[in-house]
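The values are calculated or read from the model by the stated rules, or taken from the named source; none is laboratory data. All figures in this text were calculated on a predicted structure; none of them were measured in a lab. Quick reminder, even Gly has a Cβ in these numbers, built from the backbone with ideal geometry, and neighbours come from all protein chains shown.
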Amino acid sequence: MVKPSRSYRVFQGVNGVVLTFVVLVTLYPFANIVARSFSGERQIRAGEVTLWPKGFNLTTYRIVFQDSMFWRNYGNTVFYTVVSTAVAMVLTTCYAYVLSKKNLKGRGVLVGIAVFTMFFTGGLIPNYILVTELGLKNSVWAIALPNAINVFNLLVMKAFFESLPTELEEAAQIDGLSTYGILFRVVLPLSKAVVATMVLFYTVSFWNSWFSAFLYMDHSDLMPVTVYLRNLIAGATGGGNAGAGTAELSQVGASIQAVTIVLTALPIICVYPFVQRFFVSGVMLGAVKG
C-alpha cells in the first residue's frame with residue numbers, strides 16, 4: 001500500500017478543519033433557534049441566549065399545543081403534503097419518462113413548453129381566477145395541481161432516465177412488456193435514488209408552502225400549520241384565542257419565531273435521515289452524463 005504524501009496529508013488536515021468549521025457555522029443558527037424557543041422572555045430580549053436555553057420556559061409551546069386549531073391545521077399540512085407529493089411524483093415521473101425518449105415526435109415542443117414555464121408565469125390574479133373558475137378553492141387540489149410539476153425536478157429525472165441503458169427496455173419489449181410495464185417493472189426499480197430525491201424535494205416544498213393555502217382557503221379549519229403559525233406571529237390566533245395573560249403574551253412575542261421554525265422544520269429533519277443516502281447519488285446521476 002502506497003503511503004500518502006506529505007502534501008496530501010496536509011490537504012486532508014486542512015480539508016477536515018474547513019469542513020468542521022462549515023458544519024459548525026451551519027448548525028449554530030438552528031441550535032440558537034432551538035435554545036431561544038425554550039428560553040425566557042427577559043433572556044431573549046437581553047440577547048443572553050446562544051447555544052443553551054436561559055430561563056427555561058415552555059409557555060409558547062404550551063399555548064400552541066393547547067389550541068385545538070393547531071392540531072387540526074397540523075393534520076391538514078400532513079394531508080396536503082402527502083396528496084400533493086403523490087400527485088407531483090406521478091405527473092413528473094410520467095412527463096420525464098416521455099421526454100427521455102429521443103425518437104418521440106414533438107419531443108422538442110414538449111421540452112420547450114416545460115422550460116417556458118421556468119421563465120414566464122400567468123401571474124397571481126390570472127392564477128387565482130383560473131383556480132376559482134375550476135372550482136378548486138377550499139380543496140387540496142388548489143395546492144396540489146398548480147404546483148404539480150417543478151421543471152427543475154422534471155429535467156433532473158429526464159436526464160436520469162436518459163442515462164439508463166436502452167438495451168434494458170429493448171429486452172423488456174422483446175419479452176412482451178408494454179410501455180407502462182417497462183416503466184413500472186424495469187425503469188422505476190432502477191430509479192430509486194432519483195425518485196427518493198424528488199420525493200424529498202417535493203415534500204419539503206409542499207410542507208413549507210403557505211401562500212397557496214392562504215390564497216385559496218377561505219376557512220381557518222382548512223389552513224395548514226404554516227398559515228396558523230404565520231397568523232400566530234401576526235397576533236390573529238393562538239395567544240389571544242388561548243386566553244393567555246399579559247406575561248404569557250410577552251413570552252410568546254419573544255419566542256414565537258423560534259417556536260415557529262422548530263415546529264415547521266422538525267418533521268422534515270426526522271424524515272431526511274431515511275432518504276439522505278439517496279440524495280447525492282440521485283441528483284448526480286440525473287445531472288451528470290458520461
* Structure fact -> Residue hits (region 87-140; surrounded by fewer than 14 Cβ atoms within 10 Å (Cβ to Cβ), of a type in the set (Gly, Ala, Ser) and within 25 Å of the chain's Cα centre (by Cα)) are Gly122, Gly123
* Structure fact -> Checked Val17, Val34 against criteria (closer than 12 Å to Val259 by Cβ, among the hydrophobic types (A, V, I, L, M, F, W, C) and outside the structural domain of Thr226 (by TED's automatic domain parsing)); the one match is Val34
* To do: State whether the residues of region 63-75 include one that is of a type outside the set (A, V, I, L, M, F, W, C), loosely packed, with under 12 Cβ neighbours inside 10 Å and on the phi > 0 side of the Ramachandran plot.
  => no
* Asked: What are the pairs, 6+ residues apart or on separate chains, where a residue within region 100-120 that is in the same structural domain as Pro165 (by TED's automatic domain parsing) has its Cβ under 7 Å from a residue that is surrounded by 10 or more Cβ atoms within 10 Å (Cβ to Cβ) and part of a loop (DSSP other than H, G, I, E, B)?
  -> Arg107/Lys101
* To do: Hey, can you tell me all the residues within region 52-91 that are closer than 20 Å to Leu145 by Cα and among the β-branched types (Val, Ile, Thr)?
  => Thr77, Val78, Thr81, Val82, Val83, Thr85, Val87, Val90
* Mind checking which helices (runs of 4 or more DSSP H) fall wholly inside region 211-290 and carry at least 3 residues that are at pLDDT below 80, of a type in the set (Asp, Glu) and outside the structural domain of Tyr80 (by TED's automatic domain parsing)? => none
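Determine which member of the set Phe184, Phe206 is within 20 Å of Val90 (Cβ to Cβ) and within 21 Å of the chain's Cα centre (by Cα).
Values: Phe184 fails: within 21 Å of the chain's Cα centre (by Cα).
On inspection, the qualifying residue turns out to be Phe206.
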* Out of (1) basic (Lys, Arg); (2) surrounded by fewer than 11 Cβ atoms within 10 Å (Cβ to Cβ); (3) closer than 16 Å to Thr260 by Cα, what's the single condition that is false for Arg6? -> (3)
* In this structure, does Asn127 turn out to be touching a Phe, Trp or Tyr at 6+ places or on another chain (Cβ under 7 Å) and assigned by TED's automatic domain parsing to the domain that holds Pro224? -> no
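Any residue at all in region 70-80 that is among the hydrophobic types (A, V, I, L, M, F, W, C) and closer than 30 Å to Met157 by Cα? Walk me through how you get there before you give the answer.
Step one: filter region 70-80 for residues among the hydrophobic types (A, V, I, L, M, F, W, C), giving 70-71, 78-79.
This time we only want the ones that are closer than 30 Å to Met157 by Cα, so: 78-79.
Yes; the residues of region 70-80 include at least one that is among the hydrophobic types (A, V, I, L, M, F, W, C) and closer than 30 Å to Met157 by Cα.
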* Please enumerate the residues belonging to region 1-50 that are under 25 Å from the mean Cα position of the chain (by Cα), closer than 30 Å to Arg62 by Cα and of a type in the set (A, V, I, L, M). => Leu27, Ala31, Ile33, Val34, Ala35
